[in-house]
Amino acid sequence: MNISTIRKDFMIVNMGPHHPSMHGVLRLIVTLDGEDVIDCEPILGYLHRGMEKIAENRTIIQYLPYVTRWDYLATMFTEAITVNGPEQLGNIQVPQRASYIRVIMLELSRIASHLLWLGPFMADIGAQTPFFYIFREREFIYDLFEAATGMRMMHNFFRIGGVATDLPYGWVDKCYDFCDYFLTSIAEYQKLITRNPIFLERVEGVGVVDVKEVINWGLSGPMLRASGIQWDLRKVDNYECYEEFHWEVQWQKEGDSLARYLVRIGEMVESIKIIQQALEGLPGGPYENLEIRCFDREKEPEWNEFEYRFISKKSSPSFELPKQELYVRIEAPKGELGIFLIGDQNGFPWRWKIHPPGFINLQILPQLILLWEKLIVEMIIDLTEIQDIHFFFRLEFFKEIYEILWVFVPLFIFIVGITISVLAIVWLEREISAGIQQRIGPEYTGPFGVLQALADGTKLLFKENLIPSRGDIRLFSFGPAISVISIILSYSVIPFGYNFVLSDLNIGVFLWIAISSIAPIGLLMSGYGSNNKYSFLGGLRAAAQSISYEIPLTLCVLSISLCVLR
């Protein structure tokens, strides 16, 4: 980290990593000088899965279901690059119809990926409406994927020499309808976003990357084309059948965030043009090169002393990779997606190296952040005007007891109301789920089954306790008690008044936060006391989830309290 040694009062802020269950986690160590970013260090690799080594121990057919996990927003591109490499090594011809189908699927996947970029991008800027619009369009694309491949996300549709299945009856007409509809949606986006002065003020001139820097960093995709370089692998390499369609490479010369936005919007329009031309000129014929299924096999072939063809009832083709090396690339939504492949006259690749576009483009992030000025990082560092709760100490003895007991009456009503609301919501959710799944929902416990959730909770409370024989019984029993007692005590510190009015909200909220934050300790304690690694991991995850929910809730409540204190 390149930090000046003159001043010592810099502030280091960790942006991420986010919740462990999220995909694509990223940690940024940001160094602030007041509100100015002076350094940023991205930390990657939180979800490393060893995909390259898995590829080197699988045949191409066996590896195809894995590749959709590389980028689950653009799965068609990972499948395409996986089959394009062996096809070029083996000089395998792809039927014209299969190539057209591939292009249609790739461009639909490009649109879906750009849409899911657009929604969170606008939400981060401050516009929430487009975030809901993009899911409306993506649902239509996923419906088309499901009709053609049987899956909405992990398709496993591409095959060496073609595709898995032909397009079903009526699919082309539905795709035509989507293209016409989506062009009107793009016009809606243009009107809602592109011409918005607030949006233009927040993105224009932000994160500028010039042509020289783009080339030096090896950026690709919209990052490259937004800086004035007309480079698109669909035009350069002419893979599949893109040379048969008329479309333009989208590019801008400003190199800022607005230019990258305009490039992606333009690419979605061009993708619709390509899809419409492919649908109009979709040729007949086979959707797969059936000749590649006829392999010359020995009578008793052995791979690592095991017959892989008889793992399942239906044997899969055992395509042998020639003893050559090859780098193949395609234009993915984020940039150049490539694979360096080395064959060794074997069913398994000798080397499989992935060139991901996102990893390469992310390297310039520290330099982009350094160009930002006045990064607004709101942090609550002080709490003022904290008051005490005044009890009823000036009353007579019996009147004092009466009023103290009366304080708990609104609390009891509050808890009973919440409990009844939760039971009603759980019953409604079960009834709706049962109706969707065409099954009988809760109907025996209470009228219409409204007490089923209460019965489930009572059963869970009085069920037989299982104590691990080799665990720490005290910790195992004391941990859940800490969690439950802290939650119950968090209600008792809320200072309800006579008329069910919250008095002295500031100190009550602070005490509530302090007591309820003890619950994750009990989760960790019970998992550790079980002397079981799986229970301990479950306790760790439950504690992490509780903390990840409590921190933003606490910040929200404290910010409201501070606003009230003003």
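The values are calculated or read from the model by the stated rules, or taken from the named source; none is laboratory data. All values derive from a computational prediction rather than experimental measurement. Don't worry about glycine lacking a Cβ; one is built from the backbone with ideal geometry, like all the others, and counts go over all protein chains shown. Note: accessible area is taken over every heavy atom of the protein model, side chains too, but ligands, DNA and RNA are not part of it. Shrake-Rupley method; radii C 1.70, N 1.55, O 1.52, S 1.80 Å.
Among helices (runs of 4 or more DSSP H) entirely within the range 185-291, having at least 2 residues that are open to solvent by less than 50 Å² (accessible area, probe 1.4 Å) and charged (D, E, K, R) singles out 257-280.
Each residue in the range 58-79 was checked for being open to solvent by less than 10 Å² (accessible area, probe 1.4 Å) and within 20 Å of ARG138 (Cβ to Cβ), and 7 of them qualify. Filtering the range 88-103 to residues that are charged (D, E, K, R), surrounded by fewer than 23 Cβ atoms within 10 Å (Cβ to Cβ) and under 22 Å from LEU321 (Cβ atoms) leaves nothing. Residue count for the range 178-203 satisfying the condition of being charged (D, E, K, R) and under 18 Å from TYR133 (Cα atoms): 4.
For the range 125-138, a tally of residues being surrounded by 17 or more Cβ atoms within 10 Å (Cβ to Cβ), closer than 20 Å to MET76 by Cβ and hydrophobic (A, V, I, L, M, F, W, C) returns 1. Taking the criterion of being within 26 Å of the chain's Cα centre (by Cα) and modelled with pLDDT under 85, the residues of the range 346-359 that qualify are GLY358, PHE359.
So is LEU475 surrounded by 14 or more Cβ atoms within 10 Å (Cβ to Cβ), modelled with pLDDT of 70 or more and more than 35 Å from the chain's Cα centre (by Cα) or not? Yes, satisfied. Restricted to the range 35-128, the set of helices (runs of 4 or more DSSP H) holding at least 1 residues that are touching a residue at least 24 places away in the same chain (Cβ under 8 Å) and under 30 Å from LEU368 (Cβ atoms) comprises 51-55, 75-90, 96-125. Residues that are open to solvent by 70 Å² or more (accessible area, probe 1.4 Å) and under 22 Å from LEU282 (Cα atoms) occur at least once in the range 161-173.
Starting from residues that are among the basic types (Lys, Arg) and more than 25 Å from LEU540 (Cβ to Cβ), keep the ones in the range 429-472 and report whichever is modelled with the lowest pLDDT. So, considering only residues that are among the basic types (Lys, Arg) and more than 25 Å from LEU540 (Cβ to Cβ), the one modelled with the lowest pLDDT is ARG439. Among the residues of the range 139-160, just one is basic (Lys, Arg) and crowded, with 19+ Cβ neighbours inside 10 Å, namely ARG159.
Quick check on the range 542-566: of everything there that is more than 22 Å from MET15 (Cβ to Cβ) and open to solvent by 50 Å² or more (accessible area, probe 1.4 Å), which residue is farthest from the chain's Cα centre (by Cα)? Per the stated criteria, the residue is ARG566. Can you tell me how many residues within the range 34-57 are at pLDDT 85 or above and either open to solvent by 50 Å² or more (accessible area, probe 1.4 Å) or closer than 12 Å to ARG159 by Cα (or both)? Residues flagged as at pLDDT 85 or above and either open to solvent by 50 Å² or more (accessible area, probe 1.4 Å) or closer than 12 Å to ARG159 by Cα (or both) within the range 34-57 amount to 2. Just to be sure, is SER318 modelled with pLDDT under 80, assigned to a loop (DSSP other than H, G, I, E, B) and open to solvent by less than 40 Å² (accessible area, probe 1.4 Å)? So SER318 fits the description; yes.
Just so you know, in the range 338-364 the residues that are in a strand (DSSP E or B) and charged (D, E, K, R) include one that is least open to solvent (accessible area, probe 1.4 Å), and it is ARG351. Conditions first: (1) touching a Pro at 6+ places or on another chain (Cβ under 6 Å); (2) surrounded by 21 or more Cβ atoms within 10 Å (Cβ to Cβ); (3) closer than 17 Å to ALA74 by Cβ. MET122 passes all but one, so which condition is the exception? That leaves (3) as the condition not met.
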